[in-house]
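Student: Provided herewith is a single structure, encoded as structure tokens, for subsequent inquiry.
The values are calculated or read from the model by the stated rules, or taken from the named source; none is laboratory data. Being a predicted model, the structure only gives us computed values, none of them experimental. With ideal geometry, Cβ positions are generated from the backbone for all residues, glycine too; neighbour counts draw on all protein chains shown.
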Amino acid sequence: GTFNKNVNYVGTTPSGAVNVVARPFSNFNQWAGSVGGPIVKGKLFFFFNTEGIDFITSSQSVIYLPDSGFESSVVGADAACDNSSSSLYNAGMSSECAFYNTIFKLYNGTPNYSHAVENTSEPGEMELSEPSKFNLTEKMYTARVDTNLTATDKVFGHFKYDNGVQPTYTDPINPAFDADSKQPDYEGQFAETRTFGTRAVNQFLMTGSYYSAIFINKNPATELSTFPMDLR
């Protein structure tokens, strides 16, 4: 079966209310299905199940950006840090000019930058209310096989694979800095159960599992090319 919920199901602020907030983007898809039955009647059986989710949503955040006047005061009117209009030049730090120009270029490339407004409480600063979209996905598969070797000897094997991607960080300025976490999970089990009359039973059980959760930038090469750095 499948299930969907999106932004059209989300309520809005009542008409005429103060500080009306737009509905955040949201799209949620979920699915599941299973099948099972005998392979050999009365002897061998199977079961398979799969399910998953795909959830895209957004969170509203306020970004603070330098305005053009602040940028010019740092790198100068010509952005070269080579005259007294630059605070870096005046401080004898013209060698830092490329670094600041790179930062300002990133800020100025922020999505919907043209919608930013001056922050009246902080000269030289602008603020922008910007929704950041992020995507969470997960899928799982399970399978099991049972067999009756004899009337007193039964065996089964079970396997589960579960893999999801957690959106660890969504950068509102540039997606090159987005980070996520891929989290695979493997589980397996094998068991044999043998009965001895009505008073004794013996079971052999073997299980194993593996889980990993690594948090990392989505594309380190793109991140470094967008904002080169050297950690020492």
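Student: Cβ-Cβ below 7 Å, separation at least six or inter-chain, first residue in the stretch 108-122 and without any contact (Cβ under 8 Å) to a residue 24 or more places away in the chain, second part of a loop (DSSP other than H, G, I, E, B) and among the charged types (D, E, K, R): which pairs?
Tutor: none
Student: List, please: which pairs have Cβ atoms under 6 Å, are six or more places apart or on different chains, and start with a residue in the stretch 40-56 that is over 16 Å from residue 154 (Cβ atoms) and touching a residue at least 60 places away in the same chain (Cβ under 8 Å) and end with one that is β-branched (Val, Ile, Thr) and surrounded by 14 or more Cβ atoms within 10 Å (Cβ to Cβ)?
Tutor: 49/142; 54/137
Student: Say whether the condition of being within 39 Å of the chain's Cα centre (by Cα), within 30 Å of residue 151 (Cα to Cα), outside any loop (DSSP other than H, G, I, E, B) and not hydroxyl-bearing (Ser, Thr, Tyr) is met by at least one residue in the stretch 65-87.
Tutor: Looking through the stretch 65-87, none of the residues is within 39 Å of the chain's Cα centre (by Cα), within 30 Å of residue 151 (Cα to Cα), outside any loop (DSSP other than H, G, I, E, B) and not hydroxyl-bearing (Ser, Thr, Tyr).
Student: I need a count of the residues in the stretch 107-136 that are in a strand (DSSP E or B), among the small types (Gly, Ala, Ser) and within 22 Å of residue 73 (Cα to Cα).
Tutor: Residues flagged as in a strand (DSSP E or B), among the small types (Gly, Ala, Ser) and within 22 Å of residue 73 (Cα to Cα) within the stretch 107-136 amount to 0.
Student: Can you say whether residue 17 is modelled with pLDDT under 95, assigned to a loop (DSSP other than H, G, I, E, B), surrounded by 12 or more Cβ atoms within 10 Å (Cβ to Cβ) and more than 23 Å from the chain's Cα centre (by Cα), as far as the supplied structure shows?
Tutor: no
Student: Which members of the stretch 203-227 meet the condition of being closer than 13 Å to residue 177 by Cβ and not in a helix (DSSP H, G or I)?
Tutor: 216, 217, 218, 219, 227
Student: I need the full set of residues from the stretch 142-163 which are aliphatic (A, V, I, L, M) and outside any strand (DSSP E or B), in order please.
Tutor: Result: 151, single match.
Yes/no matrix, rows are residues, columns are (1) surrounded by 15 or more Cβ atoms within 10 Å (Cβ to Cβ); (2) within 20 Å of residue 74 (Cα to Cα); (3) in contact (Cβ under 8 Å) with a residue 40 or more places away in the chain:
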| residue | (1), (2), (3) |
| --- | --- |
| 87 | yes, yes, no |
| 101 | yes, yes, no |
| 105 | no, yes, no |
| 142 | yes, no, yes |
| 150 | no, no, no |
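Student: Here's another thing I want to ask about it. Working only within the stretch 69-121, note down all residues that are under 24 Å from residue 176 (Cα atoms) and in contact with a strand residue (DSSP E or B) (Cβ under 9 Å, 6 or more places away or on another chain). Working first, answer last.
Tutor: Quick first cut of the stretch 69-121, residues under 24 Å from residue 176 (Cα atoms) only: 71, 96-116.
If the condition is that a residue be under 24 Å from residue 176 (Cα atoms) and in contact with a strand residue (DSSP E or B) (Cβ under 9 Å, 6 or more places away or on another chain), then 103, 104, 107, 108, 110, 111, 112, 113, 115, 116 are the ones that fit.
Student: Let me spell it out: the conditions are (1) exposed (fewer than 13 other Cβ atoms within 10 Å of the Cβ); (2) within 25 Å of residue 176 (Cα to Cα); (3) of a type outside the set (Asp, Glu), and residue 129 meets all of them except one. Which number is the exception?
Tutor: Result: residue 129 fails condition (1) only.
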